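Working notes for the structure below.
Every number here is computed from the coordinates shown, using simple stated rules; none is lab data. Note that the structure is a prediction, hence the values are computed from the model and not measured. Please note: Cβ atoms are built from the backbone with ideal geometry, for glycine as well, and neighbour counts cover all protein chains shown.
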Amino acid sequence: MSAAPGDSMLDRHRPRYHFLPPANWMNDPNGLIHWQGGYHLFYQYNPHGPFHGTIHWGHARSTDLCHWEHLPIALAPAPGDLDAEGCWSGCAVNAGGIPLLFYTGVSPQRQLLATGSADLLHWHKHPEPLIAAPPSDIDAGPHRDFRDPYVWRADDGWYMVIGSQDVGKGGVVLLYRSLDLLHWEYLHPLLRASEVHDFPVWTGSMWECPNFLPLNGAHVLMLSVWDQQVTYYPVAFVGDYAAQHFAPRHQSRVDWGGCFYAPQVLRDAEHRALMWGWLWERRAQAAQLAAGWAGVMSLPRLLSLAPDGGLLQTPAPELSQLRRETLCTEIELDLPAAARALAPVRGEQLELWVEFDPLSAAEIGLDVCVAPGAEEFTRIAYDAARGLFYVDTTHASLSVEVFHEVFTAPFSPQPGAFVQLRVFVDHSVIEVFVDERVCFAVRIYPTRPDSLGLRPFARGGQPRFRRLEVWDLEAAI
Ligand code: DQQ
C-alpha cells in the first residue's frame, strides 16, 4: 500500500519539524555529506509503502538544518543489478571533487559504489562489487551479514569499516584499506565484541552501521548493536587509534529511549560532527499501514567529548531558528510556582529548557503532552534514590495499539550543579537531552486531542526549579 502525501499530513502524530519523507517507509540516515554549502541527507526508503522492503536511497537537502527540500531518489534497486534486492546503508565521500556513494547491495550482501553528478542528483553504479564477500576467517552467519561501509581518508590512503558478526563470538567491525577507492585490501578487525566488556552496555551478536571518526583528540567508533533477542541500540566506543589499531577506553549507549538506531555522523565545513539517527515507530504495524508513513529522523545532534571520554550530544544550534513564540520564561520557582507558570502552556511542537536542583526532591522533572485530567501524560524525571533518569510512556496514550514503556539511564548529576534538561516535543516524537550526557528519543501516540499540557513533577523534598523556558516551534517539514 502506498499512501499519497496528502493523507499523512492530516495525521496528528506526524512530526512537523523532524525530517521524514512525504510518505512511506524510512529508516537509516545514509551518505550524510556537506557538499557545496548544502547538507545532504540520504536515507533508506521504500517508495512502495510504510514497511521495510525494496530499499532505495531517498535524498533531501538543507542549508540551515531546519528546512529540507525533497530531492529525487538517488539509488534504486534494479533487476539484474548487484543491488537487485535493495540498496542498503552506506556513506558518501568527496574524492577530490567527485562524489561517491559506498553502500551494501543485497543479496548477497556486498559492498558497492556509485559515482555522482556534481549536483548529487544522478548516480552511476559501478558494474563490479568492490568487496564481494566477508573475509574467509569470519563466520558471518547464514545470511553472511556484512554491511554498511563507512569510508574516510588518511595520510596513507583510504580506509573503510564494515559491520559484521562472527557467529558465537559476537559483533565485529572489519577494517579495509585502499589507494584508489576501487581495490580494497582486508586488514583485520578494528574491534570485536570479545575485546570489549558487556558492561555497562551489552554488545549483542551483530554490529551494523559503523562510523569511525576523530573527535576532540580521541577516536570514536559508533556502531549499532543488533541481536535476535530484539536488542537494538547504538553504542559509542571512545579511545585511541594508531597504526591501524583502535584501543577503546570508554563505552556508552548513544541513546536510551528505545527507538534511536543506525546513527551516522557528518563533518561539515566548520569540522563540526553532526549526528542523525533513525527513530522507528512504537505502534502496531496496522497503525503504521493506516498512517501511510513510518520512520522519522532524529534532530541533528552536535557531538563532542567530555573530559572523562563520555560522548556529549547537544541539539544543533541552528534549531533555535525554529522558535516562534516564547510561551513561558520563568526563573527561581518552587513546585506550585512552576505549576502556575506552565498551566497556560499547550502544544505539540515545543522546545523546553528546564533547570532544576536534582537534590531538592526524591524525584524531580516534568510531564509533557498532559491531558486536562491527566488521562494521558509522558513523564521525564530524575530519581535520586535509584540514580536514574527516566522517560515513562506508560500513560502517554490510552490506545492499546501502542507500546507503553519506561526507559531508564544511569545518571549522576554534576556535584553541586543544577540539571539542564532540553526537551523537544514534535507530535509523536520526544527527544530529551540531560546535561548533554544522557539522551532519550521516544515515540508517543496520545489519543486525546487535548493531551497538550505541561506540568512540573516532583515527589518529596522541596523541589527547586531555576529555569523554565518554553517555545512554540515552527512546522518546518
Ligand atoms: N538497515 C539497513 C542495513 C543496516 C540496517 C537495511 C540498520 O544496511 O544494517 O535497511 O538499521
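Just the residues that are hydrophobic (A, V, I, L, M, F, W, C) and either under 18 Å from residue 161 (Cα atoms) or away from the ligand (no atom under 16 Å from the Cβ) (or both), please, taken from segment 76-105.
78, 87, 88, 91, 92, 93, 95, 98, 100, 101, 102
For residues that are under 21 Å from residue 104 (Cα atoms) and surrounded by fewer than 23 Cβ atoms within 10 Å (Cβ to Cβ), tally how many sit in segment 193-214.
The number of residues fulfilling the criteria is 2.
In the list 59, 13, which residue meets the criterion of being away from the ligand (no atom under 16 Å from the Cβ) and surrounded by 16 or more Cβ atoms within 10 Å (Cβ to Cβ)?
13
Among the residues that make up segment 125-146, is at least one of them under 26 Å from residue 38 (Cα atoms) and more than 14 Å from the ligand (Cβ to nearest atom)?
The answer is yes; a qualifying residue exists.
Identify, by number, the condition in (1) within 16 Å of the ligand (Cβ to nearest atom); (2) farther than 16 Å from residue 93 by Cα; (3) outside any loop (DSSP other than H, G, I, E, B) that residue 151 doesn't meet.
(2)
Looking only at segment 47-58, count every residue that is outside any loop (DSSP other than H, G, I, E, B) and over 11 Å from residue 73 (Cβ atoms) and tell me the total.
0
Would you mention how many residues in segment 403-431 are of a type in the set (A, V, I, L, M, F, W, C) and closer than 13 Å to residue 369 by Cβ?
The qualifying residues number 5.
Could you list, in sequence order, all residues of segment 306-338 that are over 27 Å from the mean Cα position of the chain (by Cα) and buried (at least 16 other Cβ atoms within 10 Å of the Cβ)?
Answer for segment 306-338, where residues must be over 27 Å from the mean Cα position of the chain (by Cα) and buried (at least 16 other Cβ atoms within 10 Å of the Cβ): 327, 328, 330, 333, 335, 338.
Tally up the residues in segment 35-46 that are in contact (Cβ under 8 Å) with a residue 24 or more places away in the chain and either near the ligand (Cβ under 10 Å from one of its atoms) or closer than 23 Å to residue 208 by Cα (or both), please.
6
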